[in-house]
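The numbers here are math on the coordinates, done by the rules we state, and not lab data. In this text the structure is predicted, and so the values were computed from the model without any measurement. Cβ placement follows ideal geometry from the backbone for every residue including glycine, while neighbour counts extend to all protein chains displayed.
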Amino acid sequence: MIWQADEGRRAARRAARGCVPAHERSPAGRSPASRRRGSAYLVILGAATLLTILGLSGLLAVRIELRGARTGEAAAKARVAAASALELALLRVGSDDLWRKNYKHDVWTAEETVGEATCQFKVACQVDNSLLDHEGHPARLYAKARVGDATRVYSVLINDVEVELTDFTHNGDFESGAEGWDNVGWWDEAVCNLQAVTDPRPSGDLCLRVDNRASNYAGPMQDVTAVVEKGKDYTLTAWVRMIERADSAMFGLYVETTSGGVSPLYTRRGVTTEWTEVAATFTATWSGELDRAYIAFATQTTTQPFLVDKVVLTERDGGTALVIAPVPGTWRRESGL
Ligand SMILES: [Ca+2]
Ligand SMILES: [Ca+2]
C-alpha cells in the first residue's frame with residue numbers, strides 16, 4: 001500500500017513536470033506533445049522554405065521576363081535596322097553604275113554603326129560566283145543588322161532593268177506644231193521660219209520644217225534652263241533631213257552665263273536628203289551663274305531648208321539606261337547567316 005502511495009505521488013510529480021514513464025514513451029523517445037511541437041516547427045520551416053523558393057522563383061521569373069523583354073526589344077530593333085539597311089543598300093548599289101565591279105561576290109561590306117545597330121551588306125550572283133562576268137545575271141542583295149545579341153538578315157533579288165529615261169524636251173515630236181520652239185534669233189543672221197508640216201516624217205503626223213534661213217546658224221531652239229544641271233551628261237538625239245543636198249547637222253547644248261557669252265557644246269553629224277538619226281552626248285558645264293541653256297539645230301555650211309523630228313534630250317545616252325531594281329516578291333528573311 002505504501003509502495004502504491006509512493007508510486008502515486010511520483011506519478012503525480014512526473015505529470016506535473018510533464019514527464020512520461022519510459023514504458024509510456026514513443027519508440028523514438030519523444031512524447032506526442034514533442035512530436036506536435038516538432039511538426040509545427042517543420043511546417044513553419046517548410047512554409048518559410050516554400051516562401052523563399054517562391055520568392056526566388058518569382059525573382060528568377062522576373063529576370064527571365066526582363067531578359068526576354070530585352071531580347072525581344074533587341075530583336076525588334078535588329079529587324080527594323082536590317083530592313084532599313086536593305087533599303088539603304090539598294091540605294092547605294094542602284095546609284096553605282098560600276099556596282100558589279102565595286103562589290104565582291106558574297107563578301108560582306110565593312111561594319112557600319114547606325115544608332116544601336118551594326119550593319120553590313122553583300123551582293124551574291126545567283127548564277128555563278130562572279131558579279132562581273134555577265135550583266136544579265138540576277139544577284140541577291142543581303143543586309144544584316146545586329147543589336148545586342150539579336151541579328152537579323154533580309155535579302156531581295158536584284159537585276160539590271162532597262163528603263164526609259166525622261167525626255168526633257170517639250171513637244172520634241174512636233175505633234176503640237178511648232179509650239180515650244182523658237183528660232184535662235186539672238187542675232188539677225190540666225191533668224192528663220194519654223195513651220196510644222198506633214199511631209200514624210202519618221203514619226204507621228206507632223207515634223208518641223210526650217211526655212212528662210214538667214215545663215216547656216218539659223219535653226220530651231222528650245223529653252224532647257226529649268227532642266228539642265230551643271231556637271232551632268234546629256235544626250236541629244238533627233239531625226240534630220242536636208243531638203244536640197246547633204247550637209248552636216250550642227251546641233252547641241254548652248255549655255256549662257258550672267259558674265260556674258262555663249263558656250264556652245266555642239267557637234268556635227270552628216271545628214272543626207274533621207275531622214276537620218278543624229279545623236280551626241282554633252283557634259284553641261286559652265287563657269288559663273290547660268291543665265292540660259294538651250295538646245296539648237298543648224299547646218300554646217302548651207303542655208304538650205306531642213307526637216308527635224310523626234311528630238312529627245314535625256315540624261316546619259318540612248319534614251320534608256322540600265323538601272324538596278326528589286327524583283328517584286330523576292331524579299332525574304334534569312335536565317336543562319
Ligand atoms: Ca555572274
Ligand atoms: Ca513627229
Taking every pair of alpha-carbon atoms in region 193-318, what share in percent sits in each 10 Å bin, from 0 to the bin with the longest distance? 14, 44, 32, 10, 0
Could you list the square roots of 5 times each eigenvalue of the Cα gyration tensor of region 115-254, that is, the equivalent ellipsoid semi-axes, sorted largest first and rounded to whole Å? 52, 19, 14
What list of ³J(HN,Hα) couplings, whole Hz, do you get for region 87-92 from phi and the Karplus terms 6.51, -1.76, 1.60, once you set θ to phi - 60° and write x for glycine and proline? 4, 5, 4, 4, 4, 5
For region 287-337, the Kirkwood Rh over every pair of distinct alpha carbons, in Å, works out to 17.5 Å
Mind scanning Lys101/Lys122; Lys77/Lys122; Lys232/Lys310; Lys101/Lys232; Lys77/Lys101; Lys104/Lys144 and naming the pairs with a C-alpha gap bigger than 24 Å? Lys77/Lys101
Go through region 241-298 and name the GluC sites (Glu not before Pro) that are in a DSSP coil and have 13 or fewer other Cβ atoms within 10 Å of their Cβ. Glu244, Glu274, Glu289
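Pick out, in residue order, every one of the trypsin sites (Lys or Arg not before Pro) in region 190-257 that is DSSP loop and has at most 13 other C-beta atoms within 10 Å; say none if there are none.
For trypsin sites (Lys or Arg not before Pro) across region 190-257 that sit outside H, G, I, E and B with at most 13 neighbouring Cβ atoms in 10 Å, the list reads Lys230, Lys232, Arg245.
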Karplus couplings for region 98-109 from phi (6.51 cos²θ - 1.76 cosθ + 1.60, θ = phi - 60°), rounded to Hz, Gly and Pro as x? 9, 4, 5, 8, 7, 10, 8, 3, 6, 10, 5, 6
Cα-based Rg of region 55-183 normalised by 2.2 N^0.38 Å, two decimals: 1.70
If you filter region 62-117 for trypsin sites (Lys or Arg not before Pro), then keep DSSP loop positions with at most 16 other Cβ within 10 Å, what is left? Lys104
Karplus-derived 3J(HN,Hα) from phi for region 306-315 (6.51 cos²θ - 1.76 cosθ + 1.60, θ = phi - 60°), whole Hz, x at Gly and Pro, runs 8, 10, 9, 7, 6, 7, 9, 10, 10, 6
